[in-house]
Each structure stands twice: as C-alpha cells, then as structure tokens.
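Below: the structure, in structure tokens.
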2 protein chains.
Amino acid sequence: MMSNEVLKAIYERRSVRDFSPMPVDEQQVMEIIRAGSWAPSGLNNQPWRFVVVKDAKAKEEIAGKTRYGHIIEAAPVIVSVFLDRKAMYHEVKDIQAIGACLQNMLLAAHAQGLGAVWLGEILKNKEKVSEIVSLPSHLELMAVVAIGHPAQRNQTSERKGLDELILKII
Amino acid sequence: MMSNEVLKAIYERRSVRDFSPMPVDEQQVMEIIRAGSWAPSGLNNQPWRFVVVKDAKAKEEIAGKTRYGHIIEAAPVIVSVFLDRKAMYHEVKDIQAIGACLQNMLLAAHAQGLGAVWLGEILKNKEKVSEIVSLPSHLELMAVVAIGHPAQRNQTSERKGLDELILKII
C-alpha cells in the first residue's frame, strides 16, 4: 500500500515563480526529467524530448520570447520540453502524453523540495525558441519548465468543486 | 521536504488491465477525480469534466466502442474524461492540461492501492461515447480511465534512457 504522500504532493504542489539564487543540483534536474519520461504514452511512443538550459546568455535570449521572461531569468535552470514529430502517432494523444510528462516533472520538482512552473505563453514564439537552441523543425516546443529553490512558499490556489466537475454518475 | 514516495509512485505505477471483481470504494474514486482536478491548467481554466460509470449495462455499451472493451467490462468503475470546449482558451495547452489531469488520476489510483489504465483507442468513437452518456457536443471525450483492484502486479515497463531524451545541455 502506497503512503498518501502522493496525494499530498498533488494537492500541495504550486506553481513557483520566485526563486532564490541558489543553484539546483544537476542530479535533481536529471530526476525531474527521468520522472517526466515515466509518464504513459500511447503505444509507449515516448514523444517527449528535453533541452536543459543553465547558461545565463541562452536563458536571457529565451526569456526575451515571453512576457514571463523574468521568471526564466531568475530560475537557475530551465528545461524546455519538445514534441518529436517523428515519434508521433496521434496528435491529441501525443499532446496529452506531453501534459502527463510535464505533470510528473512538476511533482518530481516538488517532491525534491524544489519549485517549478510550467510556462506556456512562450509557445507563441515556439519557432524562435527552437532557433535559439538550434533544433530542427520536427522538434516542436511544448512548454518551458523553470526550476529553482523557492524564495517563498505561501502560494494558495483554488479549484472548482467535484459537484461542478462530475457531470454524471451512472 | 517531501518524502520520495512521490518519485517511487511515478516509477512504479503501471497500466493495470486485469482487475479483481472486488468493487471500488466510492470515496477512492472521488479522490482520483479530485487529484485530477488539481492538475495545473493555463489561466487555471480547469477544462476537465468527468463522468463516472459503474452501471454494467452502460459500461457494456461503452466497451463496445473500443477493441479494449474487455478491460472496461472487467473494471468495476470507469471514469470518462471530457474536455469542455466552452472552457477552452488554447487547443494545445488545454489538451496538455487534460494529460496532466489524467496523470494525476493514475498516480492517485496507484497511491490508494488501486490499478488503473488510460484508454485512448476509444477516441475513434468519441461521439458515440458522448451519445451513450447523453452529453452535449461541446464536451469532447479525451480518454477513459478504467479503475479496479489489480488482479496481479507483475507488469514491467521500459523507457528510453536520458541520453536519448535529453537533446542538449546548454
């Protein structure tokens, strides 16, 4: 029987956008990516690919492509998540799989005492981000995850109640 | 500091397709859906909606819409996950959010000692499933999650190594 530390992590995880300047241990970043890679995918096609960016100049260039650039600049490390279109088999299911991968990454960051945020607004400039990191066009940007040690942990969040979300019980 | 029970769950979770006939506690199903609802979504738009199906006749009808129908028939309960197109703001990001929601559901099932599998093949008949459960057309089927007590737990699974998945470290 698993402990309910898992449910606790799911409910207590928050989008962390304020980071302390402390660097993030490389092994913790690898664990975040490994956790992402253990998401399920249709036919186990694993369409996710990752680019880790720690270099300040590269981060600054990527930061320039989103209105949330200050978060990217403040994060000691970002992981850009790409969909490998050569590994795809079904548009909707592959994009869902990327979402599952991202959620594992966020939970793995939280479980290691780190903070992370899933940034999507940058997709408006996805081709430019691919150029900055010099990737070929079959790799499509899906999200950027900014990772660091949380500067504070006082975020709250809200969700609709189950009575609104469960449409029917048959 | 979180315990690493979270990473353990991420790595040990498997797609469970063989269920014992034992019914699933209603509160455990609600916890699975609540966990799903705590996924992140863009602008916190929470585009997921759920239909719980326990009725044998309804399950049988839904089972008839996928080649994996035997899994649905054997599961004491299924949760169909829908995207509310009226709540959407960005096609790709909303579908990713549904994927994050599904991953939380699978982890929450595992964390409660249950087994679950994310079924996607049924999307080929998504309109028919919506008809069976009498939902309007702005609710689009995204996946069916079959849930039960695992009949056995000997599944193995494999993933690509990080050396294949991490394209660059900059």
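Quick notes
- Pick from region B:73-85, criterion surrounded by fewer than 23 Cβ atoms within 10 Å (Cβ to Cβ) and farther than 18 Å from A:R159 by Cβ, ranking: farthest from the chain's Cα centre (by Cα): B:R85
- Scanning region A:90-142 for residues that are without any contact (Cβ under 8 Å) to a residue 60 or more places away in the chain and in a helix (DSSP H, G or I) yields a total of 16.
Each row is one residue, and each column tells you yes or no for (1) small (G, A, S); (2) within 11 Å of chain A (Cβ to nearest Cβ).
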{"position": "B:D94", "(1), (2)": "no, yes"}
{"position": "B:L107", "(1), (2)": "no, yes"}
{"position": "B:G113", "(1), (2)": "yes, yes"}
{"position": "B:E121", "(1), (2)": "no, yes"}
{"position": "B:M142", "(1), (2)": "no, yes"}
{"position": "B:A151", "(1), (2)": "yes, no"}
{"position": "B:T156", "(1), (2)": "no, no"}
{"position": "B:K160", "(1), (2)": "no, yes"}
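- Single unsatisfied condition, A:D94 versus (1) touching a helix residue (DSSP H, G or I) at 6+ places or on another chain (Cβ under 6 Å); (2) surrounded by 20 or more Cβ atoms within 10 Å (Cβ to Cβ): (1)
Here's the yes/no breakdown for (1) of a type in the set (D, E, K, R); (2) in contact with a Leu (Cβ under 9 Å, 6 or more places away or on another chain); (3) closer than 17 Å to A:I71 by Cβ:
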{"position": "A:W118", "(1), (2), (3)": "no, yes, yes"}
{"position": "A:K126", "(1), (2), (3)": "yes, yes, no"}
{"position": "A:P136", "(1), (2), (3)": "no, no, no"}
{"position": "A:A143", "(1), (2), (3)": "no, yes, yes"}
{"position": "A:G148", "(1), (2), (3)": "no, yes, yes"}
{"position": "A:Q155", "(1), (2), (3)": "no, no, yes"}
{"position": "A:I166", "(1), (2), (3)": "no, no, no"}
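- Comparison of A:S15, A:S37 shows that the only residue that is surrounded by fewer than 19 Cβ atoms within 10 Å (Cβ to Cβ) and not hydrophobic (A, V, I, L, M, F, W, C) is A:S15.
- Close pairs from region B:31-55: first facing chain A (nearest Cβ under 7 Å) and in contact (Cβ under 8 Å) with a residue 24 or more places away in the chain, partner part of a helix (DSSP H, G or I) and among the β-branched types (V, I, T), Cβ under 6 Å, at least 6 apart: B:A35/A:I10; B:W38/A:I10; B:W48/B:I98; B:F50/B:I33
- Check on A:A35, under 14 Å from the mean Cα position of the chain (by Cα) and part of a loop (DSSP other than H, G, I, E, B): no
- Residue that is surrounded by fewer than 22 Cβ atoms within 10 Å (Cβ to Cβ) and either modelled with pLDDT of 95 or more or of a type in the set (D, E) (or both), where the choices are B:L139, B:L106, B:L102, B:L114: B:L139
- Residues in region B:47-72 that are surrounded by fewer than 22 Cβ atoms within 10 Å (Cβ to Cβ) and in a loop (DSSP other than H, G, I, E, B): 6 in all.
The values are calculated or read from the model by the stated rules, or taken from the named source; none is laboratory data. All values derive from a computational prediction rather than experimental measurement. Here Cβ is always computed from backbone atoms with ideal geometry, including for glycine, and neighbour counts include all displayed protein chains.
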